[in-house]
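Chemist: One structure coming up, written as structure tokens, with questions to follow.
The values are calculated or read from the model by the stated rules, or taken from the named source; none is laboratory data. Bear in mind that the values here come from a model prediction, so they are computed numbers and not experimental data. Cβ: placed from backbone, ideal geometry, glycine included. Neighbour counts: every protein chain shown. In case anyone asks, the SASA skips ligands and DNA or RNA and just uses the protein heavy atoms, side chains included. Shrake-Rupley method; radii C 1.70, N 1.55, O 1.52, S 1.80 Å.
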Amino acid sequence: MKERQSAMSSSTNELFRYAELFAFKTIGAYRIGKLLNPKAVLKGAKAAGKVNDNNASAVRILLGETPLYRNIGDLAIAVAEKQYLDNLHAGVVKEYTENNRWFALAYWRRLIKPDTTIVLQGGGNMGERYFGLDLKRAGVIKAFPHNRIVVMPQTSDYNGKLGAALLTYMRNIYIKHGDVHLFARERRSYELMKRQFKGVDVRLATDIVMTYRPEFDNHPTRSGALIILRQDGERLQANDLCGHIKAELNTMFDTADIRSSDTIYHCDVSYEERETVVLNKMREFASAEVVVTDRLHGMIFAAITGTPCVAFDNANHKISASYNAWLKNVPYIALSSPETLGADIRRVLQVEHRQYDFKAMLEHCSDIKKLLKCE
């Protein structure tokens with residue numbers, strides 16, 4: 001996706017990536033980060049040296065690698081992670097964002113104690129598609145060799161020779177650390193990761209956004225249909241899908257009541273406005289009578305706001321896998337195809353009682369709670 005940085009450098013040349021991987025193996029992931037970001041590392045170390053109280057050492061959970069870029073689905077993951085961790089009441093929770101990575105690593109590794117757990121951003125960024133994010137994750141793990149590392153629910157997507165080489169590197173990073181715990185957000189990734197990361201603790205949980213309770217001052221009035229479709233390499237369906245969807249919706253709604261949107265914000269966000277951006281997008285979902293989407297978080301936003309939704313699968317099948325794992329018994333959510341679209345829309349629109357089971361989704365994440373030593 002254009003809205004996410006896909007590598008430590010901007011190069012997409014495969015030979016360069018092999019060379020980059022070799023350098024990380026030879027020099028070390030955290031050491032390379034320090035060499036490439038000396039000013040940020042120096043500032044972080046100096047800031048840590050000025051801390052004179054014990055507040056920093058009281059931190060129980062450090063949530064890291066959270067985004068401020070344009071993908072609202074990933075922003076929602078960060079917001080949901082913060083809400084989930086705060087609600088555990090396990091102690092002080094601190095967070096750093098990925099754009100402040102090297103300052104934060106230099107700062108926190110000098111202050112936190114070994115009983116602090118490092119919790120890393122979930123999502124769908126394990127694999128060669130987002131090559132650099134795995135390398136950055138390796139840098140974080142190397143920065144905290146004595147702390148438990150919990151990687152929040154992910155989709156695994158390693159393909160081809162480059163993917164296999166990256167997978168081998170990351171598996172060795174996890175095994176050498178010895179206290180890394182990976183969560184898969186659907187069964188397909190869980191089975192893959194159990195095979196791919198032998199010797200590493202792999203567990204199953206929902207995408208953390210499925211536990212998120214959005215709070216609206218006033219629930220919006222529902223009207224019309226909302227179309228949310230991908231425009232990137234994860235798209236699976238044909239280019240003319242949007243026209244087909246509009247044709248079907250035109251048999252049920254006036255043209256003026258059919259609107260298109262996306263889960264990509266128009267610019268990067270600040271930490272302070274991140275949750276507002278997420279809530280505004282969820283309000284948009286809650287104002288629709290039905291949503292048609294091929295975005296994972298489009299389907300999830302619809303589920304948690306009680307909005308009837310028809311979803312199409314994407315290229316790495318994370319939508320179908322997540323639907324089958326967690327949402328197939330939610331009657332107002334349907335996994336569809338172009339051939340069954342019309343019937344599926346009519347079916348979900350007929351569902352009158354649309355109560356989302358937040359308690360069940362939290363129970364599906366109980367292993368995260370256990371690893372954070374909250375039970």
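Chemist: For the condition of a type in the set (S, T, N, Q), farther than 16 Å from Asp207 by Cα and in contact (Cβ under 8 Å) with a residue 40 or more places away in the chain, what is the one hit in Thr340, Thr307? Give the derivation first.
Modeler: On the way: Thr340 fails: in contact (Cβ under 8 Å) with a residue 40 or more places away in the chain.
None of the other options fit; the residue is Thr307.
Chemist: Look at Phe183 and say whether it is outside any helix (DSSP H, G or I) and at pLDDT 95 or above.
Modeler: Values: outside any helix (DSSP H, G or I): yes; at pLDDT 95 or above: yes.
Here the answer is yes, as Phe183 does meet what is asked.
Chemist: I would also like to ask the following. Among the candidates Arg171, Arg148, single out the residue that is touching a residue at least 12 places away in the same chain (Cβ under 8 Å), open to solvent by 10 Å² or more (accessible area, probe 1.4 Å), touching a Lys or Arg at 6+ places or on another chain (Cβ under 9 Å) and under 22 Å from Leu85 (Cβ atoms). Lay out the reasoning, then the answer.
Modeler: On the way: Arg171 fails: under 22 Å from Leu85 (Cβ atoms).
Going through Arg171, Arg148 in turn, just one is touching a residue at least 12 places away in the same chain (Cβ under 8 Å), open to solvent by 10 Å² or more (accessible area, probe 1.4 Å), touching a Lys or Arg at 6+ places or on another chain (Cβ under 9 Å) and under 22 Å from Leu85 (Cβ atoms): Arg148.
Chemist: Please verify whether Ile27 is at pLDDT 95 or above, open to solvent by less than 80 Å² (accessible area, probe 1.4 Å) and more than 27 Å from the chain's Cα centre (by Cα), treating the condition exactly as stated. Talk me through it step by step, then tell me what you get.
Modeler: Values: at pLDDT 95 or above: yes; open to solvent by less than 80 Å² (accessible area, probe 1.4 Å): yes; more than 27 Å from the chain's Cα centre (by Cα): yes.
Taking the combined requirement at face value, the residue satisfies it.
Chemist: Working only within the range 46-67, note down all residues that are under 20 Å from Thr276 (Cα atoms) and either modelled with pLDDT under 95 or open to solvent by 50 Å² or more (accessible area, probe 1.4 Å) (or both).
Modeler: Matches in the range 46-67: none.
Chemist: Something else: Name the helices (runs of 4 or more DSSP H) wholly within the range 235-321 that hold at least 1 residues that are among the charged types (D, E, K, R)?
Modeler: Working: elements: 241-249, 274-286, 296-304.
Result: 241-249, 274-286.
Chemist: While we're here: Take the residues in the range 340-375 that are under 23 Å from the mean Cα position of the chain (by Cα) and of a type in the set (A, V, I, L, M), then tell me which one is most open to solvent (accessible area, probe 1.4 Å).
Modeler: Here the answer is Leu362.
Chemist: Are any residues in the range 174-224 among the charged types (D, E, K, R), in contact with a strand residue (DSSP E or B) (Cβ under 7 Å, 6 or more places away or on another chain) and open to solvent by 20 Å² or more (accessible area, probe 1.4 Å), and if so, which ones?
Modeler: Scanning the range 174-224 gives Asp179, Arg187, Lys194, Asp201, Arg203.
Chemist: Yes or no: the range 118-140 includes at least one residue that is β-branched (Val, Ile, Thr), crowded, with 23+ Cβ neighbours inside 10 Å, in a helix (DSSP H, G or I) and in contact (Cβ under 8 Å) with a residue 60 or more places away in the chain. First the steps, then the outcome.
Modeler: Quick first cut of the range 118-140, residues β-branched (Val, Ile, Thr) only: 118-119, 140.
After this cut, where a residue has to be crowded, with 23+ Cβ neighbours inside 10 Å as well, the list is 118-119, 140.
From what's left, in a helix (DSSP H, G or I): 140.
Cutting the leftovers down to in contact (Cβ under 8 Å) with a residue 60 or more places away in the chain gives us 140.
Yes, the conditions are met somewhere in the range 118-140.
Chemist: So, one more: Check Asp240 against each of (1) of a type in the set (Asp, Glu); (2) farther than 25 Å from Ile77 by Cα; (3) in contact (Cβ under 8 Å) with a residue 12 or more places away in the chain and name the one condition it does not meet.
Modeler: Against the list (1) of a type in the set (Asp, Glu); (2) farther than 25 Å from Ile77 by Cα; (3) in contact (Cβ under 8 Å) with a residue 12 or more places away in the chain, Asp240 comes up short only on (3).
Chemist: State yes or no: is Gly233 more than 29 Å from Asp357 (Cα to Cα), open to solvent by 40 Å² or more (accessible area, probe 1.4 Å) and modelled with pLDDT under 95? Explain how you work it out, then say what you get.
Modeler: Numbers: more than 29 Å from Asp357 (Cα to Cα): yes; open to solvent by 40 Å² or more (accessible area, probe 1.4 Å): yes; modelled with pLDDT under 95: yes.
Answer is yes for this residue.
Chemist: OK, next. Spot the failing condition for Ile208; the list is (1) within 18 Å of Asn314 (Cβ to Cβ); (2) touching a residue at least 60 places away in the same chain (Cβ under 8 Å); (3) of a type in the set (A, V, I, L, M), and only one is missed.
Modeler: It fails just one condition, (1).
Chemist: Right, next: Take the residues of the range 68-93 that are charged (D, E, K, R) and open to solvent by less than 30 Å² (accessible area, probe 1.4 Å): which is nearest to His266 (Cα to Cα)? Walk me through how you get there before you give the answer.
Modeler: Here is the first cut: in the range 68-93, the residues charged (D, E, K, R) are 70, 74, 81-82, 86.
Next cut, open to solvent by less than 30 Å² (accessible area, probe 1.4 Å) only: 74, 81.
Values: Asp74: 14, Glu81: 23 Å.
The residue in question is Asp74.
Chemist: Now for a different question. Please enumerate the residues belonging to the range 324-339 that are at pLDDT below 95 and open to solvent by less than 60 Å² (accessible area, probe 1.4 Å).
Modeler: Those that are at pLDDT below 95 and open to solvent by less than 60 Å² (accessible area, probe 1.4 Å): Ala325, Ser336, Ser337, Pro338.
Chemist: Can you tell me which residues in the range 236-256 are modelled with pLDDT of 90 or more and open to solvent by less than 40 Å² (accessible area, probe 1.4 Å)?
Modeler: Within the range 236-256, Ile245, Leu249, Phe253 qualify.
Chemist: Does Thr276 satisfy the criteria of being without any contact (Cβ under 8 Å) to a residue 60 or more places away in the chain and among the β-branched types (Val, Ile, Thr)? Walk me through it before giving the result.
Modeler: Working: without any contact (Cβ under 8 Å) to a residue 60 or more places away in the chain: yes; among the β-branched types (Val, Ile, Thr): yes.
It is true that Thr276 is without any contact (Cβ under 8 Å) to a residue 60 or more places away in the chain and among the β-branched types (Val, Ile, Thr).
Chemist: Let me ask you something else. So which residues in the range 101-115 are out of contact with any helix residue (DSSP H, G or I) (no Cβ under 6 Å at 6 or more places or on another chain) and either at pLDDT below 95 or closer than 20 Å to Ile368 by Cα (or both), if there are any at all? Steps first, please.
Modeler: Keep residues of the range 101-115 that are out of contact with any helix residue (DSSP H, G or I) (no Cβ under 6 Å at 6 or more places or on another chain), which gives 101, 104, 108, 112, 114-115.
Those that are out of contact with any helix residue (DSSP H, G or I) (no Cβ under 6 Å at 6 or more places or on another chain) and either at pLDDT below 95 or closer than 20 Å to Ile368 by Cα (or both): Ile112, Pro114, Asp115.
Chemist: I'd like to verify a number: residues in the range 156-180 that are in a helix (DSSP H, G or I), more than 23 Å from Pro145 (Cα to Cα) and under 20 Å from the mean Cα position of the chain (by Cα), how many?
Modeler: Selection size over the range 156-180: 1.
Chemist: Next up: If I filter the range 262-312 down to residues being over 20 Å from the mean Cα position of the chain (by Cα) and among the small types (Gly, Ala, Ser), which single residue comes out as most open to solvent (accessible area, probe 1.4 Å)?
Modeler: Per the stated criteria, the residue is Ser287.
Chemist: Within the set of pairs 6 or more residues apart or between chains, which connect a residue that is on the phi < 0 side of the Ramachandran plot inside the range 356-375 to a residue that is part of a helix (DSSP H, G or I) and of a type in the set (S, T, N, Q) with Cβ atoms less than 9 Å apart?
Modeler: These pairs meet every condition: Phe358/Thr211; Met361/Thr211; Leu362/Asn87; Leu362/Thr211; His364/Thr211; Cys365/Thr211; Glu375/Ser366.
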